[in-house]
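See structure below.
What follows is calculated from the coordinates using simple rules that are stated; it is not laboratory data. The structure displayed is predicted, hence computed values, not measured ones. As a convention, Cβ positions derive from the backbone with ideal geometry for all residues, glycine included, and neighbour counts pool all protein chains shown.
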Amino acid sequence: MAVLLLAEHDGSAVSESSLKALTAVAPLGAETHVLVAGGGSKAAADHAATLQGVSKVLHLDDEAFSVRLAEPYAALIAAQAANYEHIVAAATASGKNIMARVAGLLDVMILSDVTAIESADTFERPIYAGNAIMTVKSKDAKKVVTVRTATFSAAEAGGAAVVEAITAPGDDASLSEFVSEDKAQTDRPQLTSAKVVVSGGRALGSSENFAIIDRVAEKLNAAVGASRAAVDSGYAPNDYQVGQTGKVVAPDLYIAIGISGAIQHLAGMKDSKVIVAINKDEEAPIFQVADYGLVADLFEAAPELEKELEKVAG
Amino acid sequence: MKVLVPVKRVIDYNVKVRVKADNTGVDLANVKMSMNPFDEIAVEEAIRLKEAGKASEIIVVSVGVKQSQETLRTGLAMGADRAILIEAAETVDTDVEPLAVAKLLAKVVEEEQPGLVLLGKQAIDNDCNATGQMLAAVLGWPQATFASKLEITDDGAQVIREVDGGLQTIKIKTPAIVTVDLRLNEPRYASLPNIMKAKKKPMEMKTPADYGVDVSPRLEVVKVVEPASRQAGIKVGSVAELVDKLKNEAGVI
Ligand SMILES: Cc1cc2nc3c(=O)[nH]c(=O)nc-3n(C[C@H](O)[C@H](O)[C@H](O)COP(=O)(O)OP(=O)(O)OC[C@H]3O[C@@H](n4cnc5c(N)ncnc54)[C@H](O)[C@@H]3O)c2cc1C
Ligand SMILES: Nc1ncnc2c1ncn2[C@@H]1O[C@H](COP(=O)(O)O)[C@@H](O)[C@H]1O
């Protein structure tokens, strides 16, 4: 039976995380359909149709699906479920919100944050903040899966799927209602897709000082991340948090500045290819995972790093 | 309005987790266990609602081994009014799956008729991030996950959620499910007098059979292994050396 992938998109293109989730389901070797919903989402549906491995796009052009409320989305997906053995989304905040509800509606156990699909019923997922990797075999007839996308590459063009219009099931929208959204404005690359990530911790001391991290990131065209302590203290917005209960990233280069390296933080970045740590405490646990460690005061080292990077670039 | 708060007994977040040599799970014998940190935040929020006159009674409920009584006592000492333990596992190695937990909680909801169920967004042991959403599905209730602010209104609640890219505000009708994120509040510590008082608060003992719920797992654990470990690298002496290594040795800039 086929695979249904729930796509996230901005109206014109499928998101990077959904493209990675598409790559992740390839080992299933099954026909893959992509669900694109939202008002004015035709361009995104057309984009989905061009992706390698996609044989059909289910398209719902409906304003009610533009904000990703869990109740109508879960009802929509559950209504399509009969034709699919696997129902998959990227393990983003939205994916986790919607897909666990889908699993509840279908009376199956969710497979959260899957890092590898071994076969149609066997999946690998990290538990205990990534301190253990569990392989599970699902006994459910349908598998509802969220994929931890950090280590997958984005699916590329190379398909020519049909786009089929679908309709929404009954109106479930009255349960919850969108009010507003306050998105952190940044022209930096996205945390979960950037090749380089520079993160700051509690040691930055204030949101003004956190700008040091932004400046280093700018020199590297990097995304900015943060530890929980930096977010809790208000130095950085909530969606910068990297870790067990924040975002999971695996860039080519991760630079941790003034971050101690608690297991909850490591859970979100230890699959990065190269890790750099700058910390004034040479005993800081972050050095145990760092390829390059610099024991230094960040308030001296970070501005110097900015200058040195400028030289390299120039 | 009654508020129901499901709390899970998990390995303490400070404990270094070790995978068992036979690869069947992680070693939970003789390690420190605590209330899941997100559930402390949920209990705290319920107490604040009660203090503000928005909640009338707080019921904490846990699904798991007998020892989860300790976790429930912690909730009672913080300020919950009574507790329900659903003994659904005989050994600490059995993790009752979110789907089964959600079904049991749905039965408790039917009996208790709370206006709000406040759960953690995620249990730090299985890292599922699912129970609240599944419970909402089973009940057909609205859900507001990853809450960083909760406001009870006349006809429901307004919730600020931590989402990708920033914050989202939604309105939900009650009764509803809310799962809490880290920034919602800072949980209090129980005072000694309150710990003593908690010993006298009522705790009901139940089993899945009482509710007619089948808790047998849907996922079979094939194996549990250690993650690939990372070797510590080298210390560099200066920023200039660091940049040189990144450029010429690692080739990442
Ligand atoms: C349920 C739960 C979930 C969590 N989830 C996450 C998560 O997703 N992500 C996460 O990051 N954390 C998470 N945490 C928190 C985690 O346990 C740590 O508390 C947090 O990561 C610490 O942040 P930090 O390293 O910035 O701060 P600290 O641990 O305080 O470290 C600051 C570091 O800066 C160094 N330093 C100080 N001054 C300077 C200076 N001038 N120059 C250079 N270095 C300096 C210090 O030596 C120290 O190592 C979670 C915790 C819990 C309980
Ligand atoms: N066994 C359990 N007993 C009580 N509450 C639970 C249990 N399992 C999960 N929960 C609740 O559901 C939340 C999310 O857990 P999970 O879906 O396992 O990540 C937790 O923070 C608890 O509030």
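Angle of helix B:68-78 to the longest C-alpha principal axis of chain B, folded into 0 to 90 degrees and rounded to 10: 80°. Judged by the gyration tensor of its Cα atoms, with axes a ≥ b ≥ c, the range B:42-123 is prolate; a/c meets the 1.5 cut and a/b is the larger of a/b and b/c. In a DSSP loop and with at most 11 other Cβ atoms within 10 Å, there are no GluC sites (Glu not before Pro) in the range B:105-171.
Which ordering of B:Met33, A:Met269, A:Met134 is given by a fewest-first count of other beta-carbon atoms within 10 Å? Numbers along the way, then the final one.
On the way: B:Met33 17, A:Met269 27, A:Met134 22.
Going from least to most buried by this count: B:Met33, A:Met134, A:Met269.
Overall, the anisotropy analysis places the protein assembly as shown in the oblate class: the square-rooted eigenvalues a ≥ b ≥ c of its C-alpha gyration tensor yield a/c not less than 1.5, with a/b not exceeding b/c.
Divide by every residue of chain A the summed helix terms, -39500 (n - 2.57) for each DSSP H run of at least 4, and state the resulting mean residue ellipticity at 222 nm, rounded to the nearest 500 deg cm²/dmol.
Numbers: 8 runs with 81 residues, N = 314.
Per the formula, -7500 deg cm²/dmol.
Using only the Cα atoms of the range B:94-183, build the gyration tensor, take square roots of its eigenvalues as a ≥ b ≥ c, and label the shape rounded, prolate or oblate: rounded if a/c is under 1.5, else prolate if a/b is larger than b/c, else oblate.
Numbers: a/c = 2.36, a/b = 1.17, b/c = 2.02.
Verdict is oblate for the range B:94-183.
GNM on chain B, alpha-carbon springs under 10 angstrom: the most fluctuating residue among B:Val101, B:Val178, B:Val163 is B:Val163. Sorted largest first, the spans of the alpha carbon positions of the range B:2-250 along the three principal axes are 65, 43, 40 Å. A Gaussian network model of chain A, with springs between Cα atoms under 10 Å, assigns the largest mean-square fluctuation among A:Ala302, A:Ala74, A:Ala277 to A:Ala302.
A crude spin-label estimate for the pair B:Lys149 and B:Glu226, with each label 7 Å from Cα along the Cβ direction, gives 4.6 nm.
When the helices in chain B are scored as -39500 (n - 2.57) per DSSP H run of 4 or longer and the sum is shared across all residues, what 222 nm value do you end up with, to the nearest 500 deg cm²/dmol?
Computed ellipticity for chain B at 222 nm equals -8500 deg cm²/dmol.
Of the GluC sites (Glu not before Pro) found in the range A:177-282, the ones in coil according to DSSP and having at most 12 other Cβ atoms within 10 Å of their Cβ are A:Glu282.
As an exercise, identify the trypsin sites (Lys or Arg not before Pro) in the range A:273-314 lying in DSSP coil whose Cβ has no more than 16 other Cβ atoms within 10 Å. Show your work: numbers first, answer last.
On the way: sites: A:Lys273, A:Lys280, A:Lys307, A:Lys311; in loops: A:Lys273, A:Lys280.
For trypsin sites (Lys or Arg not before Pro) across the range A:273-314 that sit outside H, G, I, E and B with at most 16 neighbouring Cβ atoms in 10 Å, the list reads A:Lys273, A:Lys280.
Tilt of helix A:70-80 relative to the longest C-alpha principal axis of chain A, in degrees (0 to 90, nearest 10)? So the helix axis and the longest Cα principal axis differ by about 40 degrees.
Using the Kirkwood radius over Cα pairs, work out the Stokes-Einstein diffusion coefficient for the range B:182-233 at 20 °C and 1.002 mPa s, in µm²/s as a whole number. Could the numbers behind the result be given before it?
Values: Rh = 17.6 Å.
Stokes-Einstein gives a translational diffusion coefficient of 122 µm²/s.
In plain terms, the residue of B:Arg48, B:Arg73 with the fewest other Cβ atoms within 10 Å comes first and the most crowded comes last, giving B:Arg48, B:Arg73. How far is helix A:93-106 tilted, in degrees, relative to the longest principal axis of the Cα atoms in chain A, given as a value from 0 to 90 rounded to the nearest 10? Around 30 degrees separate the two axes.
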